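The values are calculated or read from the model by the stated rules, or taken from the named source; none is laboratory data. As the structure is a computational prediction, the values presented were derived from the model and not from experiment. Ideal geometry is used to build each Cβ from the backbone, glycine not excepted, and the neighbour counts take in all protein chains shown.
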Amino acid sequence: RQEICRRHSTRDYRVIAVPDPPRDRTPEAYGAEVRDWHAARAEAYEIALAEQVLDGETVGLLVWGDPSLYDSTIRVVERIRSRGLLDIDYDVIPGVSSVQVLAARHRLVLNVIGGPITITTGRRLAEEVAGGAENIVVMLDGQLACSELPGAWDIWWGAQLGTTDEELVAGRLSDVLPEIEKARARAKVARGWVMDTYLLRRAAGHRSPHRSRA
Ligand SMILES: C[S@@+](CC[C@H](N)C(=O)[O-])C[C@H]1O[C@@H](n2cnc3c(N)ncnc32)[C@H](O)[C@@H]1O
């Protein structure tokens, strides 16, 4: 983030670091834990804005990828506004999401012609498939939940997209899973963390008949 500011900011700026409140990563009630965490984040940002930002100054919150996908920044800013202690307005500047980079790297159109696309998490994948989803982008999956899926699937997988140690694998899921596991482990060793996203599509010949709309 500091490097982005250094390279691209055309105005004077200063950095205000707000430590992230701690969070239980394996809670029993996921939704409630995340809502509490957003509330704690909103409070921490509010304090920083009140104490460290002057009237009329502009603040930028740097977001990973694009804030429209699995990111809490917009919700947190809305919480601050709804608390009513600070008078703030804001714009959202779009970024490039990992989903867009995945599609571009594999030269993919995410949907089949006229068909729907489901974007979900590893946690919900089995449920979406049971509900009939056949063309699915999966994010936030630390366990490669796709390895448990019944049936024949094609996968287009990417890790550390947009970085110098990007990893890409594509093919029939049952064939390429070992390669994905190896690439995932390699990426984790290189940086100490791994972020991956993938498109799963039920293999041709195994799909339900699709009725497209004109
Ligand atoms: C908290 S979400 C943030 C998504 C982000 N707002 C975006 O636009 O991609 C984190 C998830 O995004 C995906 N992700 C983020 N950065 C990635 C990257 N560089 N390569 C692959 N997947 C990435 C992974 O699925 C990861 O678990």
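Numbers at a glance
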| read-out | value |
| --- | --- |
| Those residues of the stretch 1-60 which are among the polar types (S, T, N, Q) and under 19 Å from Gly84 (Cα atoms), in sequence order | Gln52, Thr58 |
| Some residue of the stretch 181-191 being outside the structural domain of Asp66 (by TED's automatic domain parsing) and under 14 Å from Ala103 (Cα atoms) | no |
| Residues satisfying the stated conditions in the stretch 94-109, i.e. under 19 Å from Gln160 (Cα atoms), part of a loop (DSSP other than H, G, I, E, B) and within 15 Å of the ligand (Cβ to nearest atom) | Gly95, Val96, Ser97, His106, Leu108 |
| Among the residues listed as Gly132, Gly84, the single one being under 27 Å from Glu43 (Cβ atoms) and either more than 18 Å from the chain's Cα centre (by Cα) or modelled with pLDDT of 95 or more (or both) | Gly84 |
| Selected residue [over 21 Å from Ala104 (Cβ atoms), at pLDDT 95 or above and of a type in the set (Gly, Ala, Ser)] from Ala152, Ala190, Ala183 | Ala152 |
